[in-house]
Amino acid sequence: MVRLVKGMVLVMLVGFSTFSRAELSLQNGWLRLPPPGVSMLAVYGEIRNQGATARVVAELSMADAASVMVHRSQLEHGKMRMRSAGQLLVPAGGQVTLEPQGLHIMVMQFAGTLVVGENIAIDVQTEAGDRYTLLAEVRPTNAIGPALSVSDGQ
């Protein structure tokens, strides 16, 4: 009987640890510290799906922001245009790249405080109702990538 109970506890623990692992994550997540008075943020990185099932990002939210959505920048008739990309499909075992002048997470009317080096948290809800938190590091205003900044002298 004791052996049966120990076995059941082990199965339960293994099951819970499988479900607790985040399937969606933001790798190399970053955003630029906006200039004073600017309340829009663009977040970049790679959204990775470590699960065996494709995930559709249906809703994004963030503390101190009026709205958060996926946008796509495209060159149209010689001008760069930004439009909502709608829901975002992240393939099973795959990733979606978020980058400047391409697909990115757009944060509108952000009213919080940002500090270079700290992380922001973006809450994600999938079409299936699963919830995840994506983290992105605040980089200097002149950042050109997750760990790169333009020198003040250039």
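The values are calculated or read from the model by the stated rules, or taken from the named source; none is laboratory data. None of the values given here were measured: they were computed from a predicted structure. Ideal geometry is used to build each Cβ from the backbone, glycine not excepted, and the neighbour counts take in all protein chains shown.
Considering every residue within segment 83-91, establish whether at least one is within 22 Å of ALA143 (Cα to Cα) and either of a type outside the set (Lys, Arg) or loosely packed, with under 12 Cβ neighbours inside 10 Å (or both).
There is no residue in segment 83-91 that is within 22 Å of ALA143 (Cα to Cα) and either of a type outside the set (Lys, Arg) or loosely packed, with under 12 Cβ neighbours inside 10 Å (or both).
Can you work out which of the residues in segment 23-53 that are loosely packed, with under 15 Cβ neighbours inside 10 Å and of a type in the set (A, V, I, L, M) is nearest to GLU137 (Cα to Cα)?
That would be MET40.
Can you go through GLY45, GLY93 and tell me which one is in contact (Cβ under 8 Å) with a residue 40 or more places away in the chain, assigned to a loop (DSSP other than H, G, I, E, B) and touching a strand residue (DSSP E or B) at 6+ places or on another chain (Cβ under 8 Å)?
GLY93
Give me a count of the residues in segment 120-154 that are β-branched (Val, Ile, Thr) and either at pLDDT below 95 or in contact with a His (Cβ under 7 Å, 6 or more places away or on another chain) (or both).
Qualifying residue count, segment 120-154: 3.
Is it the case that segment 137-144 has a residue that's touching a residue at least 24 places away in the same chain (Cβ under 8 Å), closer than 20 Å to SER39 by Cβ and among the aliphatic types (A, V, I, L, M)?
Yes - at least one qualifying residue is present in segment 137-144.
For the structure I just gave you, tell me whether VAL56 is in a strand (DSSP E or B), hydrophobic (A, V, I, L, M, F, W, C) and touching a residue at least 40 places away in the same chain (Cβ under 8 Å).
So VAL56 fits the description; yes.
Yes or no: VAL68 within 22 Å of PRO34 (Cα to Cα), touching a residue at least 24 places away in the same chain (Cβ under 8 Å) and surrounded by 13 or more Cβ atoms within 10 Å (Cβ to Cβ)?
So VAL68 fits the description; yes.
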